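Okay, so here's the structure we're looking at.
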Amino acid sequence: MKHIFFLIFCLILAGVATAQTATVRGTVRDRDGKGVPFASVAVPGTPLGTSASEAGTFTLPGLPAGPVKIVASAVGYQPAQRELTAVAGQTQTITLTLTGGQELGEVVVSGTLHPVSRLESAVPVEVYNPTYFKKNPTPSVFEALQTVNGVRPQLNCNVCNTGDIHINGLEGPYTMILLDGMPIVSGLSTVYGLTGIPNSLVERIEIVKGPASTLYGSEAVGGLINIITKNPEKAADLSADAFVSGWGELNADLGVKTKMGKVTSLLGVNGFLYDRPLDKNGDGFTDITLVKRLSVFDKLTLARPESRVASLAARYMYEDRWGGQLRWTPEFRGGDSLYAESIYTSRAEVIGAYQLPIRGQNVLLNTSLNTHNQNSVYGTTLYKAQQNIAFGQLTSTHQLGRNQLLLGAALRYTYYDDNTPATASADTLNPRNQASEIWLPGVFAQNELRFNDRHTLLMGLRYDYNSLHGNIFTPRLNYKFSPDAQQTFRLSAGNGYRVVNVFTEDHAALTGARQTVFAGELKPERSYNANLNYQRLIPVGRGLLGFDASAFYTYFTNKITPDYETNANQLIYDNLRGHAVSRGLTLNTDFTFGFPLKAILGVTVLDVYQVEQNAAGEDERSRQLLAERFSGTFAISYTFAQAGLTVDYTGNVYGPMKLPLLGPLDPRPATSPTFSVQNIQLTKRLGTKLEVYGGVKNLLNFRPDRRSIARAFDPFDKQVQFGADGQVVPTANNPNALTFDPSYVYASNQGIRGFLGLRYTLLKGK
């Protein structure tokens, strides 16, 4: 409660300090003089903004005295702007006229590899902008996605708190993470690279659920998340965002824009620090990992004739994280006195885009380079790994009547080496060899045929040649039908292909006391997917209701799932002798009312299972580990316009998940409980440049079972006895035949905490 009282006190002080402001009222109209319903009205570069009513009228309070630019926009129109001088204590009336009749909407690129209105895209794409994620501020994109329906950041270890991102119940390695359309986060960084992407430079996040292998390659089996960074030319000259939590976490983002002739630069720096070991569940281990992280990002754009694209971005990230027994210090690293998992990560990336100067042609060259170096210790297990990836892609778009043809060629080179049996030498980082180098050239073609405004057919085919696994074909088919402007049906089908890299993708292969066992040579996985999507917009009084529903089905052959249950002391990897299925329903709803209340609600129902023959030759069905039965998310916001105060209530709810037990005597529950993590935030505007915000995270103070780490008091299994068959023998000291294991994890151990932060945004002339 002390956090809440402190926050209220700060907001009262902020309100007293706020200078007298002005108010603007008006109407947003089209060229025929009709009101444009639900148009957006905002002051660029500031948090000030509102939505027009169904009649197009709006009220925009809290404006600072002096010159102000007001911009109105709406789907289907070109934006309009008005400059005026606001007078403190007065109300002015204006009219903004929107022009154009083309369906503009939100422009997305992830579904088709070329810019297209989200409404016109044959591929269903979900778009989330920074405003959505500011409702629950987090230090990284990984944590920010916890309020996106059907997307779940999954922690894979109770000790070091690394994780991956699940989409519609599929494990993290099936999700492709892109940065500005480039496959930056993959392989080794699937587990360790997600937390290093700062929120401050994110323009929007586009999410495609379902296979996108035709355009993006074999890793995009379950879906993709495209993190699109800001255009330096449109960014604020200076932005800063910093917050601190009641647990002592400190996060700071800084963005600086500079212009040198035709070159515009956007420099971003993110720092995160948490160095306060806490053990509130009393198991002798840190509840969350201690982290020191620094990320530096710079994006350059070059002004060219005919607005051709030319950009270059670079990022460097260093992170030092550890979790373990409270008395651990770096001098115990690698020893068997005190247990900890200590990870040093050094990562660099370069991303470039250049539109070739060919008149009348849209030919784009995209390139990326990244290197990822990891030096980590899991108890006494040393894991050192180096991964280098080079990627180049050339695409060309051609408009041929009603057909839009996209042709592309790509080349990806991956070099990976570590000190595990995954490479030829298991003792040191070894010289280059066939097993640590993969060449992946590919070509693809996609044709989008628009029969008319109601019917669109998208067909694509990709061919890749994997230097280790041979030929790969991945087709896709998408059909869009829009009976009217308010509703759209989309049908998608395709397949995927994935080569599994156990040590780079699955943290469980390294942590704890289990021995990693390969039952045979692992074959590539294949998947077949179908998705039916329906979108609808419904005017309700002065408000608007939008909903997006999908039914999805994915069928896997040769699926590789770690076996925790056959032997409690082993983690066994093998191809499934049968098939696996992920199917379900998802619904997103978006309510905009005639008053300043907005609600975004989502629910997903999942059935994720596998079928395999047992010893008797009969098919046996089992649930997938760590796949929830259902999940839901919500974000409810209310703005008190006169006070310049916004209240955001966000959260999620997850149904039961099957958890990895250590044998029939394990006393821990076999499934997780239904649980919810909820947050509340108050944001106070102080003029056009400054915001103060604060609130409480995990209001219900939910924390997992304190026994999540099995035998936390004996992390090196010094008091565990094993029989001749390798199985644990029950003893007086170990009656449940357990070993040390931190893989029983489904949620963070971090309980309720307050937070307080400041945001500052500066545009020239403001």
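The values are calculated or read from the model by the stated rules, or taken from the named source; none is laboratory data. No experiment lies behind these values; they were computed from the predicted model shown. Note: ideal-geometry Cβ built from the backbone for every residue, glycine included; neighbour counts use all protein chains shown.
Does Y609 satisfy being within 25 Å of N529 (Cβ to Cβ) and of a type outside the set (D, E, K, R)?
On the way: within 25 Å of N529 (Cβ to Cβ): yes; of a type outside the set (D, E, K, R): yes.
For Y609, the condition - within 25 Å of N529 (Cβ to Cβ) and of a type outside the set (D, E, K, R) - is met.
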Handout entry: Any pair with Cβ under 6 angstrom, 6 or more apart, that starts in the stretch 302-330 at a residue that is in contact (Cβ under 8 Å) with a residue 24 or more places away in the chain and more than 28 Å from T286 (Cβ to Cβ) and ends at one that is of a type outside the set (F, W, Y) and not in a strand (DSSP E or B)
Key = L302/K262; A303/K262; A310/R304
Practice task
Sort out for me the strands (runs of 3 or more DSSP E) sitting completely within the stretch 641-727 that have 3 or more residues that are among the β-branched types (V, I, T).
Solution key: 645-654, 675-686
Practice task
Could you please find all residues in the stretch 336-370 being within 15 Å of T395 (Cα to Cα), part of a loop (DSSP other than H, G, I, E, B) and modelled with pLDDT of 90 or more?
Solution key: L356, P357
Problem - Residues within the stretch 737-766 that are modelled with pLDDT of 90 or more, among the hydroxyl-bearing types (S, T, Y) and under 30 Å from A236 (Cα atoms), tallied - result: 1
Practice task
Give me the pairs, please: first residue somewhere in the stretch 619-644 and closer than 30 Å to L63 by Cβ, second residue anywhere and modelled with pLDDT of 90 or more and small (G, A, S), beta-carbon distance under 7 Å, and either six or more positions apart or on two chains.
Solution key: I636/A599
Exercise for the section: For the stretch 234-247, indicate whether the set of residues that are surrounded by fewer than 16 Cβ atoms within 10 Å (Cβ to Cβ), touching a helix residue (DSSP H, G or I) at 6+ places or on another chain (Cβ under 9 Å) and not in a loop (DSSP other than H, G, I, E, B) is non-empty. Expected result: no
Completion exercise
Of the listed residues (S637, S631), the one being over 18 Å from the mean Cα position of the chain (by Cα), among the small types (G, A, S) and assigned to a strand (DSSP E or B) is S637
Practice task
Return the pairs, sorted by first residue and then second, in which the second residue is assigned to a strand (DSSP E or B) and among the small types (G, A, S), the first residue lies in the stretch 435-458 and is under 30 Å from Q387 (Cα atoms) and without any contact (Cβ under 8 Å) to a residue 60 or more places away in the chain, the beta carbons are less than 6 Å apart, and the residues are 6+ apart or on different chains.
Solution key: V443/A409
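Tell me yes or no: at least one residue of the stretch 392-403 is part of a strand (DSSP E or B), at positive phi and either surrounded by fewer than 17 Cβ atoms within 10 Å (Cβ to Cβ) or not acidic (D, E) (or both). Walk me through it before giving the result.
Taking the stretch 392-403 as the starting set, the residues that turn out to be part of a strand (DSSP E or B) are 392-400, 403.
Pick out the ones that are also at positive phi and you get none.
No - not one qualifying residue is present in the stretch 392-403.
Does L338 count as in contact (Cβ under 8 Å) with a residue 12 or more places away in the chain, within 24 Å of Y383 (Cβ to Cβ) and either of a type outside the set (G, A, S) or surrounded by 15 or more Cβ atoms within 10 Å (Cβ to Cβ) (or both)? Break it down into steps so the answer makes sense when it comes.
Details: in contact (Cβ under 8 Å) with a residue 12 or more places away in the chain: yes; within 24 Å of Y383 (Cβ to Cβ): yes; either of a type outside the set (G, A, S) or surrounded by 15 or more Cβ atoms within 10 Å (Cβ to Cβ) (or both): yes.
The answer is yes for L338.
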Problem - Checking L686 against (1) surrounded by fewer than 18 Cβ atoms within 10 Å (Cβ to Cβ); (2) farther than 19 Å from I636 by Cα, the condition it does not meet - result: (1)
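Going through the stretch 609-624 one residue at a time, which ones are surrounded by fewer than 13 Cβ atoms within 10 Å (Cβ to Cβ) and either of a type in the set (D, E, K, R) or in contact with a Cys (Cβ under 7 Å, 6 or more places away or on another chain) (or both)?
In the first step, residues of the stretch 609-624 are kept if they are surrounded by fewer than 13 Cβ atoms within 10 Å (Cβ to Cβ); the result is 613-621.
Within the stretch 609-624, E618, D619, E620, R621 qualify.
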Fill in the blank from the handout: Every listed condition ((1) touching a residue at least 60 places away in the same chain (Cβ under 8 Å); (2) farther than 23 Å from C157 by Cβ) holds for Q678 save (1)
Practice task
Scan the stretch 729-750 for residues that are under 24 Å from S337 (Cβ atoms) and buried (at least 22 other Cβ atoms within 10 Å of the Cβ) and report the count.
Solution key: 6
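Which residue is farthest from K257 (Cα to Cα), if the candidates are limited to the stretch 728-766 and must be among the β-branched types (V, I, T) and part of a loop (DSSP other than H, G, I, E, B)?
So the residue we want is T731.
From the list R753, R706, which one is surrounded by fewer than 19 Cβ atoms within 10 Å (Cβ to Cβ) and touching a Lys or Arg at 6+ places or on another chain (Cβ under 6 Å)? Before you say what the answer is, go through the steps one by one.
Details: R706 fails: touching a Lys or Arg at 6+ places or on another chain (Cβ under 6 Å).
None of the other options fit; the residue is R753.
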Handout entry: Answer residue from the stretch 270-290, given it is part of a strand (DSSP E or B) and without any contact (Cβ under 8 Å) to a residue 40 or more places away in the chain and is nearest to R711 (Cα to Cα) among those
Key = L290
